[in-house]
Amino acid sequence: MSRTIIALDFSTKDEVLDFLKMFDEPVYVKIGMELTYACGLDIIREVKEMGHKIFLDLKLHDIPNTVKGGMKNLAKLGVDIVNCHCGGGIAMMKAAKEGILEGTPEGQQPAKLIGVTILTSTSQEALNEELGISGKVIDTVVHYAENAKKAGLDGVVCSVHEAKAIHEACGSDFLTVTPGIRLAGNSADDQKRIATPEYANEQGCDMIVVGRSITKAEDPAATYKMIEEAVSYGRV
């Protein structure tokens, strides 16, 4: 199983197709708000038809009934992972799961549902002073992850630095998907809680999301393979 998800942070269909032509085999990609809002749901269908696996990163967060309806429609797209915000609470996350199960076409595997804990752009200071949540980031992240498990979710989005604690609290089979991955020497951009692929592997992260380090690389396909080897080293 691929452990590296490439973030397709592009704004046009042509950019996506040109980029994916660089790979001689299907890869795991993340399609988020930027691309979906620019191209609509058709880009998701087209990338899926090309054989690639998709993490649809739209971070649903609303009242339970609205999220259930949204997930029910997204389930029809046949993506592999979707997400919602843990901050919406257990009832909302349960509704999201119900929506996926109800919306998945017969005979098709339901998408895995993961919850967004605390964004990797959120610092300790921002958590405490701006959001008004006391305590350490890792404590809130683990608490959110425990709520996600209670709601029946398959895992969470977290930073590399919280993956080990989440597995200890929620079990080794509870999926940890970690953004904020950069190659050594690359810019951190707007991320705060970042790490290298090698460190992610050491911390037991199940899957990592890599954007600019691959999409802006001189040879994206070779960089992808190098990162994939780094996060799979020593794994069974």
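Every read-out reported here was derived from the displayed coordinates using simple, explicitly stated rules and does not represent laboratory data. What you are looking at is a predicted structure, and each value in this text was computed from that prediction instead of being measured. Using ideal geometry, Cβ is built from the backbone for each residue, glycine included, and neighbour counts are taken over all protein chains shown.
Would you mind checking which residues have amide H under 5 Å from ILE5's amide H? H placed 1.01 Å from N; only 5 or more apart, or other chain.
Placed amide hydrogens put ILE208, VAL209, VAL210 under 5 Å from ILE5.
Please get the size of the charge dipole for region 4-232, origin at its Cα centre, with Cβ charges of +1 on Lys and Arg and -1 on Asp and Glu, quoted in debye to the nearest 20.
580
Applying the Karplus parametrisation 6.51 cos²θ - 1.76 cosθ + 1.60 with θ = phi - 60° to the phi angles of region 166-178, what ³J(HN,Hα) value in whole Hz is obtained for each residue in order, glycine and proline being reported as x?
5, 5, 5, 7, 10, x, 5, 8, 7, 5, 10, 10, 10
What are the ³J(HN,Hα) couplings of region 28-34, residue after residue, when phi is run through the Karplus curve with 6.51, -1.76, 1.60 and θ = phi - 60°? Round to Hz, x for glycine and proline.
Coupling constants for region 28-34: 9, 10, 10, 10, x, 5, 4 Hz.
Quick check: from the Cα gyration tensor, does region 1-43 come out rounded (a/c under 1.5), prolate or oblate?
Because a/c hits 1.5 or more and a/b fails to exceed b/c, region 1-43 counts as oblate.
Using Cα springs under 10 Å in a Gaussian network model of the chain, which residue among ALA38, ALA111, ALA200 shows the largest mean-square fluctuation?
Looking only at ALA38, ALA111, ALA200, the biggest GNM fluctuation is shown by ALA38.
Considering the chain as a Gaussian network with a 10 Å cut-off on Cα pairs, which listed residue, GLN203, GLN108, GLN124, attains the greatest mean-square fluctuation?
GLN108
List, in order, the whole-Hz ³J(HN,Hα) value for each residue of region 12-20 obtained from phi through the Karplus relation with A = 6.51, B = -1.76, C = 1.60 and θ = phi - 60°; use x for Gly and Pro.
3J(HN,Hα) across region 12-20, in whole Hz: 9, 4, 4, 4, 5, 5, 4, 5, 5.
Would you work out which of GLN108, GLY78, GLN203 lies farthest towards the positive end of the dipole of the chain? Charges go on Cβ: Lys and Arg +1, Asp and Glu -1.
The listed residue farthest towards the positive side: GLN108.
In whole Å, how far is the Cα centre of region 132-176 from that of region 30-106?
20
Where is the GNM fluctuation largest for the chain (alpha-carbon springs, 10 angstrom cutoff): ARG212, ARG182, ARG45?
ARG45
Under the classification rounded if a/c is under 1.5, otherwise prolate if a/b is larger than b/c and oblate if not, where does region 4-232 fall, given a ≥ b ≥ c as square roots of the Cα gyration tensor eigenvalues?
Details: a/c = 1.62, a/b = 1.08, b/c = 1.50.
Since a/c reaches 1.5 but b/c is at least a/b, the shape of region 4-232 is classed as oblate.
Once you have the Cα-Cα distance between LYS150 and GLU49, take 0.36 nm times their residue separation minus that, and quote the gain in nm to one decimal.
33.0 nm
Search the structure for amide H atoms under 5 Å from the amide H of ASP57, placed 1.01 Å from N in the peptide plane, and list their residues when 5 or more places away or on another chain.
Under 5 Å from the amide H of ASP57 lie the amide H atoms of ILE31, GLY32, each far enough along the sequence or on another chain.
So what is the relative contact order for region 4-232, in percent, with contacts set as C-alpha pairs under 8 Å and at least six apart? Can you show the working numbers first?
Numbers: 445 pairs, mean separation 40.4, N = 229.
The value is 18 percent.
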